[in-house]
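Single-structure report; data block below.
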Amino acid sequence: MTGTSGTYSSRRSAVLLTTVVFAILISLGAAPVAAQTSTVIGTNVQKLANGVLTLMGFGLTPDITTGSLSFSSPSTGSPGMQMSSLGGGFTISKDVPLYLEGTAAYSRYDPTFLVSDGTNSREFPVKWNSLSATGGIGWDFPIAQDLVFRPIINFSYGTVQSDLKIAGQYLGNQTGKDISFLDGGRLDAAGIGGSLMLDYERYRPENEIDVELRYTNIYLQSINTSSEAVSGSSDAQTMSLWARWRAPTGLTALNRPFRYVLEFSHTQFLGDLRGALGFDYLTSLGAGFELDTSEYTWLTSRWRIVGRYKFGDGVKGWSVGLACSF
């Protein structure tokens, strides 16, 4: 009995030891599986980085078509996009024809990505928030009555932050560069470029006409990112025609003529902007009113409110703009 019991105990210990060894081997073998890198299906990190810089490029210069816009488009494959900007420009005087302009823009784009860890895949909405600012310095060269040629040097800076609302347990400790950027990543960029503009301004008591033809080219390059893999660049180019007609309505307000305003704007997106959001151009048709406050205010002389309808390749939208003249 004693010998049999000792043999049984030895066998049980051997089985237990074998089980522990196999458990350790299995756990070691399973460790690499748990550390698999998740990837974004249907895209790559470089394309992603260039894409977010391209998004920033839509708000770099004063542009009526992208100044305030909310649209949805089936061709973009995304829930939609919202853009708002505040900007403007002015010439100091005819004696000192130095032209200054500035724009600050905010945009939000919500694409959806398919993320896979090699075994499972799920769709995740991503919120891209972009802030950018651009300054411009130019000089007016008169070429005819009421018409000037204006070259401008532009400087830009912006940042894009990505917010991926995902379940942390699904990704675990994944370290993929594309995932790390999508989930709380940040990309900063600086840009330099220029614009060429023809500006026609004819002001008469019976009506006022403004027409601008402008070409802009600003090159953006990432300068600081949350991940080495998401460095990129973008070439933002636009060609735009803008026109505005203002005339008295026959009514008076604040002891000044109360005017109506009609606007037209058409922008062709070139370079990396062309087709980036599913369209190549945007056209804006606007109408509104202008209030002359010059008799009662010293800083501003006129206030305008204009509603605009905008459309392009498969997209349409609307905006309401508020502006003032100094």
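The values are calculated or read from the model by the stated rules, or taken from the named source; none is laboratory data. If you're wondering where the values come from, they're calculated on a predicted model, not measured in any experiment. All Cβ positions, glycine included, derive from the backbone under ideal geometry; neighbour counts span all protein chains shown. Note: accessible area is taken over every heavy atom of the protein model, side chains too, but ligands, DNA and RNA are not part of it. Shrake-Rupley method; radii C 1.70, N 1.55, O 1.52, S 1.80 Å.
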Based on what the data block shows, is Asp292 among the acidic types (Asp, Glu) and closer than 30 Å to Asp110 by Cα?
no
I'm trying to understand the selection: among the residues of the stretch 175-207, which are touching a strand residue (DSSP E or B) at 6+ places or on another chain (Cβ under 9 Å) and at pLDDT below 80?
Gly176, Asp178, Ile179, Phe181, Leu182, Asp183, Gly184, Gly185, Arg186, Leu187
Looking at (1) farther than 30 Å from Trp128 by Cβ; (2) touching a strand residue (DSSP E or B) at 6+ places or on another chain (Cβ under 7 Å), which is the only condition Tyr296 fails?
(2)
Please specify each residue of the stretch 240-250 satisfying the condition of being open to solvent by 60 Å² or more (accessible area, probe 1.4 Å), at pLDDT 95 or above and not aromatic (Phe, Trp, Tyr).
Leu241
